[in-house]
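Visitor: Here it is, the structure in full.
The values are calculated or read from the model by the stated rules, or taken from the named source; none is laboratory data. Because the structure is a prediction, the values reported are computed rather than measured. Cβ: placed from backbone, ideal geometry, glycine included. Neighbour counts: every protein chain shown. Keep in mind that these areas ignore ligands, DNA and RNA; they rest on the heavy atoms of the full protein, side chains included. Shrake-Rupley method; radii C 1.70, N 1.55, O 1.52, S 1.80 Å.
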Amino acid sequence: MPWSQGKLVFYSSVVASGTCTLTYYLIQKAFSKASYYQEALEQLQGHPEALEALGTPLNVHCLRLTDKYNFVDIAEAQLKIPVSGPKSEGHLHVISSRDAPFQRYWEGGTFRRSS
């Protein structure tokens, strides 16, 4: 039994949107498991001034993948991680680099509170 054009368009759009959603989720998971991401959050947890400004517990939100400040290549990673707490919210700016492709990233990060 052939499908009508309307059903074909509908089911194709459902499959396409599901695929896009799954891809977005998998990219978010890949970023959150990366060493530069994890080490930056560990540094934030150990920074008393940032914890005082945000309050505890900290909530880490999803990266905006379309943000021009989120950039990763073979030698450098640059991220803007949204974080919040009971008192305030802000972004953890992370810049990590490495000398050769399969070496560890060197961390450097700053926290900026949103106005």
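Visitor: Specify the angular offset, from 0 to 90 degrees and rounded to the nearest 10, of the alpha carbon long axis of helix 35-45 from the longest principal axis of the alpha carbons in the chain.
Guide: Between the helix axis and the principal axis of the chain, the angle is about 50 degrees.
Visitor: Considering only DSSP states other than H, G, I, E and B, which chymotrypsin sites (Phe, Trp or Tyr not before Pro) in region 7-80 qualify as loop sites with at most 14 other Cβ atoms within 10 Å?
Guide: Tyr69
Visitor: Here's something else I'd like to know. How far apart, in nm, are two points set 7 Å out from the Cα along the Cα-to-Cβ line at Ser35 and at Ala75?
Guide: Result: 1.8 nm between the two label points.
Visitor: Sticking with this structure for a sec: What figure, in Å² to the nearest 10, do you get for the accessible area of Glu49 with a 1.4 Å probe and non-protein molecules left out?
Guide: Glu49 has an accessible surface of roughly 140 Å² with all protein chains in place.
Visitor: In nm, to one decimal, how far is the modelled label at Arg64 from the one at Ser17, with both set 7 Å along Cα→Cβ?
Guide: If labels sit at Arg64 and Ser17, their model points lie 2.3 nm apart.
Visitor: Go through 2-8, 85-91 and give me the packing order, highest mean Cβ count within 10 Å leading.
Guide: Taking the mean over residues of other Cβ atoms within 10 Å, the ranking is 85-91, 2-8.
Visitor: Mind checking which lysines have their C-alpha under 23 Å from Lys33, skipping anything on the same chain fewer than 8 residues away?
Guide: Answer for Lys33, where 23 Å is the Cα cut-off: Lys68, Lys80, listed by chain and number.
Visitor: So, R0 is 22 Å and r is the distance between the beta-carbons of Ser88 and Gln28; what FRET efficiency does that work out to, to 0.05?
Guide: With a Förster radius of 22 Å, E is 0.40.
Visitor: Is there a quick way to get the dipole size of the chain? I mean about its Cα centre, with the Cβ of Lys and Arg at +1 and of Asp and Glu at -1; what is the value in debye to the nearest 20?
Guide: Roughly 440 debye, rounded to the nearest 20.
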